[in-house]
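Peer 1: Provided herewith is a single structure, encoded as structure tokens, for subsequent inquiry.
The values are calculated or read from the model by the stated rules, or taken from the named source; none is laboratory data. Just so it is clear, the model here is predicted, and its values are computed rather than measured. Positions of Cβ are generated from backbone atoms using ideal geometry, with glycine treated the same way; all protein chains shown enter the neighbour counts. The protein model used for the area step is the full one, side chains on, heavy atoms only, and it has no ligands, DNA or RNA in it. Shrake-Rupley method; radii C 1.70, N 1.55, O 1.52, S 1.80 Å.
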Amino acid sequence: MNFKNIGYNLGVIATITVLFWIGALKFTPSEALAIKFYVSNSFLMSWLYRLTSDQGVSNIIGIYEIITGILLIISFWNSRIGLVAGYLSAVIFLCTLSFLITTPGIWKLSDGLPVTDFFVIKDLAFLAIALQVIGKNKPGEPPALLTP
């Protein structure tokens, strides 16, 4: 049993699932409101609010996440698409992780230990998957499902 490939495939499938789920939520008013504080304080993303409404920004992010999820599915058979999907995924999770330094009040103390909004911290694992997708789909490598 090849645990390395099983782990890779499971990680990518989990990332796809989260991108579809969270991407779909972006089309709801409650999610658009929930992300506004984070996105509006981000030096990487706040400019989006100059283009459109709160819901419009959320929709743009949702579309990006869903398209990235679709490309990750295709990455199992097409390494060129996989490379693009890996980079697009890395951008998503780097942007989200940047909230840890751009969002006022995101860090709090609980019993003397620093804590934050855990939906942001989980993106460290997803960033690791994105980097694996990039590495697995570099030019000259076979697509993920064809690797022994």
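Peer 1: Would you check if there is a residue in region 72-90 being closer than 17 Å to THR17 by Cα, touching a Pro at 6+ places or on another chain (Cβ under 7 Å) and outside any helix (DSSP H, G or I)?
Peer 2: Yes, there is a match, as at least one residue in region 72-90 is closer than 17 Å to THR17 by Cα, touching a Pro at 6+ places or on another chain (Cβ under 7 Å) and outside any helix (DSSP H, G or I).
Peer 1: If only one of VAL91, VAL39, VAL57, VAL84 is of a type in the set (Val, Ile, Thr), closer than 21 Å to LYS138 by Cβ, without any contact (Cβ under 8 Å) to a residue 40 or more places away in the chain and crowded, with 16+ Cβ neighbours inside 10 Å, which one is it?
Peer 2: Going through VAL91, VAL39, VAL57, VAL84 in turn, the sole match is VAL84.
Peer 1: Any residue in region 18-26 that is assigned to a helix (DSSP H, G or I), more than 21 Å from LEU127 (Cβ to Cβ) and open to solvent by less than 30 Å² (accessible area, probe 1.4 Å)?
Peer 2: Within region 18-26, not a single residue is assigned to a helix (DSSP H, G or I), more than 21 Å from LEU127 (Cβ to Cβ) and open to solvent by less than 30 Å² (accessible area, probe 1.4 Å).
Peer 1: What tally of residues in region 60-78 results from selecting those that are farther than 19 Å from LEU10 by Cβ and either touching a residue at least 60 places away in the same chain (Cβ under 8 Å) or in contact with a His (Cβ under 6 Å, 6 or more places away or on another chain) (or both)?
Peer 2: Looking only at that region, the number is 1.
Peer 1: Here is a list of conditions, (1) closer than 17 Å to PHE37 by Cβ; (2) of a type in the set (A, V, I, L, M); (3) open to solvent by less than 20 Å² (accessible area, probe 1.4 Å), and ALA130 meets all of them except one; can you say which number that is?
Peer 2: Against the list (1) closer than 17 Å to PHE37 by Cβ; (2) of a type in the set (A, V, I, L, M); (3) open to solvent by less than 20 Å² (accessible area, probe 1.4 Å), ALA130 comes up short only on (1).
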